[in-house]
Amino acid sequence: MPYQLTDEQRQRYREISQRSQRRKLELTSCVAGEKAVGIEPAGRLDPADLMPLQPQHGLTTLSLFSGGGGLDLGFERAGFGHLASYEILDICGETLRLNRPGWSIFSGVDDGDVMRASFSKFRGVDVVHGGPPCQPFSTAGKQAGEKDARNMWPQFVRCVREARPRAFVAENVPGMLDRKFGAFVRDHIVVPLADEYIVFKFKLSADEFGVPQARKRVFFVGFRAARDAARFEAPRPTHGETRDLFGPVLPRNLTRQSLGLPDIGFDCVSPTLRSGFTGPRKTTGVVNSKASLKTWASLGIWPNGVQSNRALARAFVPENGHHRMTVDDCALLQGFPADWKFAGAVYQGLGQIGNSVCPPVAYAVAISVTRALGALD
Ligand SMILES: C[S@@+](CC[C@H](N)C(=O)[O-])C[C@H]1O[C@@H](n2cnc3c(N)ncnc32)[C@H](O)[C@@H]1O
């Protein structure tokens, strides 16, 4: 019966209701004017430090399937000039314009659809890069591969053939290297480009490049000139086990420490943030798997109900007292510097973040490509 409560239960509900009232009042004051400016915890990681800005070396990029700009940003910080971005979603185009008003950005179904664009006009570009949509290969999807209508690899290959860059960089989910997709990779990526490009494929872990998150991605990198290919070396980890004299030199960045949260005696790299294409639509959570919930709980971080700013996150402290994240927190855990902003509602920001290549990983690949192209010693 709904109204037969013990005194203890009644007292507990009373307390919950009072707390909720207090939060509503706090929230009203946030909305009334107190913006989140200047109240981020001190001592946060600045992901820009993981990507020291390189001087422009004159090499240029064309970006396909640009999303919220992870690859674009990594290549820019590595000294590349940006020729254009193509992205079908308007909201991603807005993000790119918000951050780089001077870039040439084609977005939306009319202007940004790679399937409808011609790329011969970009002949002379040095690098074409992109993350063709990865749902066809994601373990979170049905792994239908080439049968999936969202398989954009043929478009990426067409662009490379039309623009004839000196190099290309394509990124995808680790599922792409599963044995069941071996024939797909051979027939749709390697073979169509093998006459003109020498192709490398390798996997990188974001936490080995200073990103405080467990996230693996596969890269395909191709060079038209044998001399450039001979100079290419996949990026070496910069972070990891410091015990190994010949290994990475810096310890991994961990979640709480990177977010500037107090020491609770436990820290680790964060679980993989949910990709924008998995989970219920419009969700404001970042949970990628059931198994990751335990890790978030041990970290004392609440991975649901992400808020747009710190003031709101503070006004809605979860019942268990865990840290409620903001979009900026999630962007930081993905390796975006604080000044890179995401257009749209919280779920749209999280979608763009979860779909992106971690910029410090993109940067490491871009530096390796720059060396191979002879523009850096
Ligand atoms: C994996 S995300 C790319 C993320 C991006 N590389 C980054 O680092 O932020 C793939 C993107 O491809 C876009 N996309 C899908 N089909 C497209 C098409 N036909 N033309 C242009 N973009 C498309 C999606 O909207 C999505 O933003």
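The values are calculated or read from the model by the stated rules, or taken from the named source; none is laboratory data. These numbers were taken from a predicted model, which means no experiment stands behind them. Here the Cβ positions follow ideal geometry from the backbone for every residue, glycine too, while neighbour counts run over all protein chains shown. Surface areas here come from the heavy atoms of the whole protein model, side chains and all, with no ligands, DNA or RNA. Shrake-Rupley method; radii C 1.70, N 1.55, O 1.52, S 1.80 Å.
Summary table
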read-out: Amide H contacts of GLY240 (H built 1.01 Å from N, under 5 Å, at least 5 apart or other chain); value: LEU250, ARG252
read-out: Length-normalised contact order of the stretch 255-355 in % [C-alpha pairs under 8 Å, at least 6 apart]; value: 28 percent
read-out: Karplus-derived 3J(HN,Hα), 6.51/-1.76/1.60, for each residue of the stretch 362-377, Hz, glycine and proline x; value: 4, 4, 4, 5, 4, 5, 4, 5, 4, 4, 4, 7, x, 9, 8, 6
read-out: Computed over the chain: relative contact order in percent, which uses C-alpha pairs under 8 Å that are six or more apart; value: 19 percent
read-out: Shape of the stretch 255-355, Cα gyration tensor, a/c cut at 1.5; value: rounded
read-out: Average Cα contact separation per residue, the stretch 144-258, under 8 Å, 6 or more apart, as relative contact order %; value: 24 percent
read-out: Helix-only mean residue ellipticity at 222 nm for the chain, each DSSP H run of n ≥ 4 adding -39500 (n - 2.57), per residue, nearest 500; value: -9000 deg cm²/dmol
read-out: Percent accessible area from carbon and sulfur atoms, the chain, protein chains only, probe 1.4 Å; value: 54 percent
read-out: Among the listed pairs LYS216/LYS294; LYS180/LYS216; LYS290/LYS341; LYS121/LYS282; LYS121/LYS216, those beyond 26 Å (Cα-Cα); value: LYS290/LYS341; LYS121/LYS282; LYS121/LYS216
read-out: Per-selection metrics, the chain (Cα): Rg and Dmax in Å; value: 22.4, 81
read-out: Chymotrypsin sites (Phe, Trp or Tyr not before Pro) within the stretch 158-194, DSSP loop, no more than 14 other Cβ atoms inside 10 Å; value: none
read-out: Tail weight of P(r) past 12 Å, computed on alpha-carbon pairs of the stretch 62-123, percent; value: 63 percent
read-out: Highest-fluctuation residue, LYS216, LYS121, LYS201 considered, GNM on the chain with Cα pairs under 10 Å; value: LYS121
read-out: Residue-normalised accessible area of the chain, expressed per residue, 1.4 Å probe, Å²; value: 48 Å²
